[in-house]
1. Is it true that residue 37 is closer than 24 Å to residue 194 by Cα, charged (D, E, K, R) and at pLDDT below 95?
2. Specify the residue that is nearest to residue 108 (Cα to Cα); the eligible residues are those in the stretch 133-188 that are exposed (fewer than 10 other Cβ atoms within 10 Å of the Cβ) and among the hydrophobic types (A, V, I, L, M, F, W, C).
3. Looking only at the stretch 56-71, how many residues end up being surrounded by fewer than 18 Cβ atoms within 10 Å (Cβ to Cβ) and touching a Ser or Thr at 6+ places or on another chain (Cβ under 8 Å)?
4. So residue 185 ticks every box in (1) in a helix (DSSP H, G or I); (2) modelled with pLDDT of 90 or more but one. Which box is left unticked?
5. Go through the stretch 69-93 and give me each residue that's under 15 Å from residue 50 (Cβ atoms) and not in a loop (DSSP other than H, G, I, E, B).
6. Quick one: in the stretch 142-152, of everything that is closer than 29 Å to residue 188 by Cα and either in contact with a strand residue (DSSP E or B) (Cβ under 8 Å, 6 or more places away or on another chain) or among the aromatic types (Phe, Trp, Tyr) (or both), which residue is modelled with the lowest pLDDT?
Amino acid sequence: MAIIRRGTRPRRRGRRSLRRGDPRRFPAPRAFASTTRLIAPEVTEADRGAERAALELLRSNRPDHAVLGEEFGTNGPADSPWRWIIDPIDGTSGFARGIPIWATLIALEHADDGLAVAVVSAPALGRRWWATRDGGAFTSAFTSDGSARACQVSTIDTLAEAQVSLAVNQGWHDLGAALRLEEWALGARRSRNVGDFWQHCLVAEGRSMSPSTPSASRSTTSLRHD
């Protein structure tokens, strides 16, 4: 219970108390116009607006770099050795429904050296993850001091002791692996459906193990019990 001393007034938490990057600065979810495309179930005006903003920024600062975006495909010089890869909103379905599990995914790759840097930014969760080639992976909250900690995967090596994340959808039936998925989930100490980018970030942090999505691979190696 908070105690208010005589002669004092409770402190008001106005907008000035919210630092830049504080997730409370983000407005309440609103309805976005959605359209349907053949490959992905939904895309909102925010997906396209975010990718368009990234394209404009890169054109101004890295005009000699190519860009591959989920919404607008390939842009920039085709012969550039550098290419930015952008998913403006991973988790669009949840985003459109006001669920805060969504993120912007950005990576930079070189034609000869491969991926150089990648970042996952989840403003609604107030979290960010990033990695550089040979430099390790890190995560931090949106805080003023910018403190970060290194990511470390879990040392648990048996399914019976693991918490796992799984996405149940038609893809598993198409692979003929739906029953194996159920057995795999029941064999874990705990299974939950976190979904989208977050389940992979949780694996990188060591908080979960073996996220399962049928689109990740046509094999079923992620369902092994050993």
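1. On the way: closer than 24 Å to residue 194 by Cα: no; charged (D, E, K, R): yes; at pLDDT below 95: yes.
Considered against the rule, which asks whether it is closer than 24 Å to residue 194 by Cα, charged (D, E, K, R) and at pLDDT below 95, residue 37 comes out as no.
2. Top of the filtered list is 150.
3. Residues in the stretch 56-71 being surrounded by fewer than 18 Cβ atoms within 10 Å (Cβ to Cβ) and touching a Ser or Thr at 6+ places or on another chain (Cβ under 8 Å): 3 in total.
4. (2)
5. Filtering the stretch 69-93 down to residues under 15 Å from residue 50 (Cβ atoms) leaves 69-72, 75, 84-92.
Of everything in the stretch 69-93, those that are under 15 Å from residue 50 (Cβ atoms) and not in a loop (DSSP other than H, G, I, E, B) turn out to be 69, 75, 84, 85, 86, 87, 88, 89, 90, 92.
6. In the first step, residues of the stretch 142-152 are kept if they are closer than 29 Å to residue 188 by Cα; the result is 149-152.
Subsequent filtering for residues that are either in contact with a strand residue (DSSP E or B) (Cβ under 8 Å, 6 or more places away or on another chain) or among the aromatic types (Phe, Trp, Tyr) (or both) retains 149-151.
Values: 149: 89, 150: 93, 151: 94.
Among them, the one singled out is 149.
The values are calculated or read from the model by the stated rules, or taken from the named source; none is laboratory data. What you see is a predicted model, and the numbers here were worked out from it, not measured in a lab. Here Cβ is always computed from backbone atoms with ideal geometry, including for glycine, and neighbour counts include all displayed protein chains.
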